[in-house]
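In what follows, a structure is listed as structure tokens, so that the remarks can point back to it.
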Amino acid sequence: MKIHEYQAKQLFRAAGVAVPQGIVAKTPEEAAAAFTTLGGPIAVVKSQIHAGGRGKGTFKEVPAQRGVVLVKSAEEAAQNAKNMLGNTLVTIQTGDEGKQVNTLFVEQGLKIARELYLGIVVDREVGGPVLIMSSEGGMEIEEVAKHSPEKIIAEPFDAVAGLYPYQARKMAYALGFDATAVRSAEKFLPQICKFFVNYDCSMVEINPLILTEDSQLLALDGKVTFDDNALFRHKDVVALRDLNEEDPSEVRAADTGLSYVKLNGNIGCLVNGAGLAMSTMDLIKIHGGEPANFLDVGGGANEDQVTEAFRIILADKNVKAVLVNIFGGIMKCDIIVSALLNAYEKVGFNVPLVVRLEGTNVEIAREMLKASGRDIISATDLTDAAQKVVKSLGA
């Protein structure tokens with residue numbers, strides 16, 4: 001689960017992580033009032049969407065308008081807010097469709113001495129969280145890694161003990177901080193690492209993390225992604241969820257107990273098991289197709305879930321064929337086929353359907369498919385299934 005920048009900063013502040021002063025605005029009048037309340041000669045008006053690259057993004061309706069702008073008066077704040085609110089911001093991360101801006105964050109302007117990058121992720125090779133920093137703040141970390149990997153430093157830390165002071169100093173010295181900035185880092189870096197662990201985050205990114213002219217670290221941005229499996233421990237975080245920022249089909253699938261991610265292809269996939277689902281998508285691509293989704297119905301899918309899975313897949317207008325790949329272990333193949341045939345009746349198919357079955361009661365299940373009289377293409381193995389579903393497209 002992701003949250004907006006302003007929400008991340010609210011949580012940062014409560015956790016003792018230093019952030020600039022800022023005020024949420026949902027109308028041009030509120031943006032103007034926020035500028036006045038902040039009291040400085042300049043402020044920054046920031047579009048709030050779940051995507052990066054907002055500063056370089058542009059609006060479909062007002063092409064000259066950027067997603068993040070510096071303003072010098074309440075009137076400027078109001079005018080920019082008018083151009084942003086209710087309009088569609090397109091960034092490098094949103095794709096051409098963009099995202100509608102419904103909320104703004106008006107933040108105090110600051111005198112910045114340096115811009116840095118900070119990120120925290122779970123490194124599976126290390127077996128724990130890792131703090132990542134770079135002197136190249138404001139840039140995409142992937143580009144820095146590609147062109148200047150020596151400018152990225154990483155420090156694993158213990159999830160229980162947190163980041164030790166000596167580790168914070170080590171990072172600060174590596175980045176060339178002066179004595180005052182080192183002391184700021186000794187406070188800031190352990191706090192943000194503690195935040196990452198306490199909130200069961202899967203990713204925290206601050207880009208840019210800034211050093212002010214008086215050598216204090218502040219989070220000028222804030223992107224936070226939480227581990228969905230741990231949200232039951234964080235009711236306060238769940239309350240921050242913005243469904244308008246999520247794909248409706250993914251929300252619908254989650255409410256049904258399905259794991260679904262929409263992709264850009266035209267072959268819908270219904271599979272039981274995450275690993276098998278990934279393998280299915282790989283083989284589709286190997287044989288010249290493009291998967292339209294990742295969909296794992298799990299090991300104990302019932303008829304209602306299978307039916308809803310088909311509805312979600314077929315609601316995607318890009319889907320021109322569907323591949324069902326089932327390995328019956330806990331769930332027997334004949335039960336899956338029974339649910340599949342019932343779902344077929346309820347949903348109705350107007351695209352080719354390829355089914356590959358393996359596992360418990362597979363022979364019974366194959367006979368059920370054959371006897372059904374439905375226009376269903378059977379496959380003997382995964383390679384056969386991938387080839388047949390690609391061929392069904394006329395490719």
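The values are calculated or read from the model by the stated rules, or taken from the named source; none is laboratory data. A quick note: this is a predicted structure, and the numbers were derived from the prediction, not measured. Ideal geometry is used to build each Cβ from the backbone, glycine not excepted, and the neighbour counts take in all protein chains shown.
Go through the stretch 293-338 and count every residue that is free of Cβ contacts under 8 Å to residues at least 24 places away in the same chain and at positive phi.
0
Please verify whether the stretch 154-166 includes one or more residues that are closer than 23 Å to residue 52 by Cα and either surrounded by fewer than 20 Cβ atoms within 10 Å (Cβ to Cβ) or touching a Lys or Arg at 6+ places or on another chain (Cβ under 6 Å) (or both).
Among the residues of the stretch 154-166, at least one is closer than 23 Å to residue 52 by Cα and either surrounded by fewer than 20 Cβ atoms within 10 Å (Cβ to Cβ) or touching a Lys or Arg at 6+ places or on another chain (Cβ under 6 Å) (or both), which makes the answer yes.
Under the condition of being within 18 Å of the chain's Cα centre (by Cα) and of a type in the set (Gly, Ala, Ser), which residue from the stretch 1-56 is surrounded by the most Cβ atoms within 10 Å (Cβ to Cβ)?
47
So which residues in the stretch 72-85 are in contact with a strand residue (DSSP E or B) (Cβ under 6 Å, 6 or more places away or on another chain) and either among the polar types (S, T, N, Q) or not in a helix (DSSP H, G or I) (or both)? I'd like the intermediate steps shown before the answer.
Within the stretch 72-85, the first condition is being in contact with a strand residue (DSSP E or B) (Cβ under 6 Å, 6 or more places away or on another chain), and the residues that meet it are 77, 80-81, 84.
Within the stretch 72-85, just 80 meets the criteria.
In the stretch 198-233, how many are within 19 Å of residue 108 (Cβ to Cβ) and either without any contact (Cβ under 8 Å) to a residue 12 or more places away in the chain or not in a strand (DSSP E or B) (or both)? Please lay out each step first, then the result.
The first filter runs over the stretch 198-233 and keeps only residues within 19 Å of residue 108 (Cβ to Cβ), leaving 206-222.
Still in the running and either without any contact (Cβ under 8 Å) to a residue 12 or more places away in the chain or not in a strand (DSSP E or B) (or both): 213-216, 220-222.
Within the stretch 198-233, residues that are within 19 Å of residue 108 (Cβ to Cβ) and either without any contact (Cβ under 8 Å) to a residue 12 or more places away in the chain or not in a strand (DSSP E or B) (or both) number 7.
Take the conditions of a type in the set (Val, Ile, Thr), outside any loop (DSSP other than H, G, I, E, B) and free of Cβ contacts under 8 Å to residues at least 60 places away in the same chain and apply them to residue 69. Does it pass?
Spelling it out, residue 69 is indeed of a type in the set (Val, Ile, Thr), outside any loop (DSSP other than H, G, I, E, B) and free of Cβ contacts under 8 Å to residues at least 60 places away in the same chain.
For the stretch 91-109, give me each residue that is surrounded by 18 or more Cβ atoms within 10 Å (Cβ to Cβ) and at pLDDT below 95.
Of everything in the stretch 91-109, those that are surrounded by 18 or more Cβ atoms within 10 Å (Cβ to Cβ) and at pLDDT below 95 turn out to be 91, 94, 98, 99.
Would you say residue 166 is part of a strand (DSSP E or B) and either free of Cβ contacts under 8 Å to residues at least 24 places away in the same chain or not hydrophobic (A, V, I, L, M, F, W, C) (or both)? Outline the logic, then answer.
On the way: part of a strand (DSSP E or B): no; either free of Cβ contacts under 8 Å to residues at least 24 places away in the same chain or not hydrophobic (A, V, I, L, M, F, W, C) (or both): yes.
In short, no.
Identify the single condition in (1) under 28 Å from residue 142 (Cβ atoms); (2) modelled with pLDDT under 90 that residue 252 does not satisfy, given that it satisfies every other one.
(1)
Name the one entry in 126, 121, 144 that is loosely packed, with under 14 Cβ neighbours inside 10 Å and either of a type in the set (A, V, I, L, M, F, W, C) or assigned to a strand (DSSP E or B) (or both).
Step by step, each of 126, 121, 144 is checked, and only 126 is loosely packed, with under 14 Cβ neighbours inside 10 Å and either of a type in the set (A, V, I, L, M, F, W, C) or assigned to a strand (DSSP E or B) (or both).
Quick one: in the stretch 214-270, of everything that is aliphatic (A, V, I, L, M) and over 19 Å from the mean Cα position of the chain (by Cα), which residue is nearest to residue 322 (Cα to Cα)?
Of everything passing the filter in the stretch 214-270, 267 is nearest to residue 322 (Cα to Cα).
Determine the pairs where a residue that is not assigned by TED's automatic domain parsing to the domain that holds residue 273, located within the stretch 357-374, has a partner that is not in a helix (DSSP H, G or I) with Cβ atoms under 9 Å apart, the partner being 6 or more residues away or on another chain.
Once the first residue is not assigned by TED's automatic domain parsing to the domain that holds residue 273 and sits in the stretch 357-374, no partner that is not in a helix (DSSP H, G or I) comes close enough.
Kindly indicate the residue of the stretch 302-346 that is modelled with pLDDT of 90 or more and closer than 17 Å to residue 357 by Cβ and also surrounded by the most Cβ atoms within 10 Å (Cβ to Cβ) among those meeting that condition.
Checked the stretch 302-346; the qualifying residue surrounded by the most Cβ atoms within 10 Å (Cβ to Cβ) is 323.
Is it the case that the stretch 13-36 has a residue that's modelled with pLDDT of 95 or more and in contact with a Gly (Cβ under 7 Å, 6 or more places away or on another chain)?
no
With 78, 113, 74, 64 as the choices, which residue is free of Cβ contacts under 8 Å to residues at least 12 places away in the same chain and either closer than 15 Å to residue 5 by Cβ or more than 18 Å from the chain's Cα centre (by Cα) (or both)?
After ruling out the rest, the residue left standing is 64.
What is the one condition in (1) under 16 Å from residue 112 (Cβ atoms); (2) touching a helix residue (DSSP H, G or I) at 6+ places or on another chain (Cβ under 7 Å) that residue 210 does not satisfy?
(2)
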